[in-house]
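Everything on this sheet refers to the single structure shown next.
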Amino acid sequence: MNFSAIDTLDGMDVEGGPGARLRLVRERGEAFRREFVTTGTPGGIVTRDLVTLPYPTRFGLFRASRAIAPFLSITNRMLVIRWTEGDRERVLLFEPSDHEHGRYTPYFEDLSERTPDVVERRMVKVHGTVPGHLDQLGIAPEDVDYLMFDHLHTQDLRRWIGATPYFPNAKVIVQRDELTALTDLHPLQRPWYQPSTYRDLSPDAFLPIDGSVVLGPGVAVVKTPGHVFGNQSLVVNTSTGIWVSSENVIAAEALTPEHSKLPGLAAWSRRWQHEVVLNANTIESTADQYNSTVLEKTLADRSQSDPRFLQFFPSSELTGAWTNPGTKPTFSHGQIVH
């Protein structure tokens, strides 16, 4: 393990309030962009769809949407990233969600109980499982080195790193402050976590980090607090430039809402002079999440297929569905190819 701390992104909590921090975020983000491209590129990245599920529009397109649909659809996707370290290959799974157990998250369990089965079957579509996708890719469970999530909302990790772990050699990369928060959740946090599922997990299965680090050539994790205090984003340097992935927003157009055709987004952005539209199901620190999203926006390159939008890949991406009028995205990435 040869992780390198990203000193450029340290010490971001300066005096002067969130406005001063926002200016610093832009400056430091530009500086890190220049540094990061010199680290190289990973060996390969592939994307695999896991599940499409409903999500409240008022959360996913926070305050901006004028869609009549109370729910939109998001597709959770896993990234498989490989790089060479010394004489061996490293494998990182980003967002390897166990969606079968994730449904017991208090918010989604309550939603399921209040939703007729026939409606739920129409709104939830399973595309595949983590083991199934890895088997197709020829990756053995014991060859996986790291698991990482942008944050631990909905995640039940017992299948992956529990008493009989599916990934016997994997460590979960997590911000130390989010791991600590699980021991004493605030009421605003409780609907979105499954803290009881962590009690019997071995501490040795976690790799806590403090802040932003480079994991390998062209692979970094950047701390992006706000959505949760310990939020983190994946940053990768690829053949098409820099990509950023997290759940701070659910659509690439949420970083450039002036180009969005989703009802309400462009008008809302102009009216309030907001340059991003957040995914805000928990409001742990909205100003910090806004600043973190601007950092992501500063790091990501423009899309080669449509330069109005950035190479931001939502870990759960807005997905159009006939059941959710007014929520079809203007632009979607669908995958990262490298």
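Values as computed for the structure displayed
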| quantity | calculated |
| --- | --- |
| Burial order of peptide ranges 284-296, 196-208 (average beta-carbon count within 10 Å, highest first) | 284-296, 196-208 |
| Listed peptides 50-61, 321-332 by packing density, highest first (mean Cβ within 10 Å) | 50-61, 321-332 |
| Integer Hz, Karplus 6.51/-1.76/1.60 couplings in order for the stretch 70-84, x for Gly and Pro | x, 10, 10, 10, 10, 10, 7, 10, 9, 9, 10, 10, 10, 8, 9 |
| Lysines whose Cα lies under 29 Å from that of LYS328, excluding same-chain neighbours fewer than 8 positions away | LYS125, LYS261, LYS297 |
| Sequence ranges 102-110, 145-153, ranked by mean other-Cβ count within 10 angstrom, highest first | 145-153, 102-110 |
| Label-zone membership for the stretch 53-85, site ASP110, 7 angstrom Cα→C-beta point, backbone N under 16 Å | 55-59 |
| Whole-number D in µm² s⁻¹ for the stretch 186-299, Kirkwood Cα-pair radius fed into Stokes-Einstein, 10 °C, 1.306 mPa s | 100 µm²/s |
| The stretch 63-128 and the stretch 149-200: distance between their alpha carbon centers, rounded to Å | 16 Å |
| Residues with amide H under 5 Å from that of GLU85, placed H, sequence gap 5 or more | ARG90 |
| Rounded percent of accessible protein surface that carbon and sulfur make up, the stretch 168-208, 1.4 Å probe | 52 percent |
| Translational D in µm²/s for the chain (Stokes-Einstein at 25 °C, 0.890 mPa s, Kirkwood Rh from C-alpha pairs) | 122 µm²/s |
| Per residue solvent-accessible surface (Å²) - the stretch 230-294, probe of 1.4 Å | 29 Å² |
| Shape category assigned to the stretch 79-215 from the gyration tensor of Cα positions, a/c cut at 1.5 | oblate |
| CD proxy at 222 nm, helix term only [per DSSP H run n ≥ 4: -39500 (n - 2.57); per residue of the chain; nearest 500] | -6500 deg cm²/dmol |
| Shape category assigned to the stretch 1-77 from the gyration tensor of Cα positions, a/c cut at 1.5 | oblate |
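The values are calculated or read from the model by the stated rules, or taken from the named source; none is laboratory data. Just so it is clear, the structure is predicted and the values come from calculations on it, not from any experiment. Cβ sites come from the backbone with ideal geometry, for glycine too, and all protein chains shown count toward neighbours. Please note that ligands, DNA and RNA were not included when accessible areas were found on the heavy atoms of the full protein model with its side chains. Shrake-Rupley method; radii C 1.70, N 1.55, O 1.52, S 1.80 Å.
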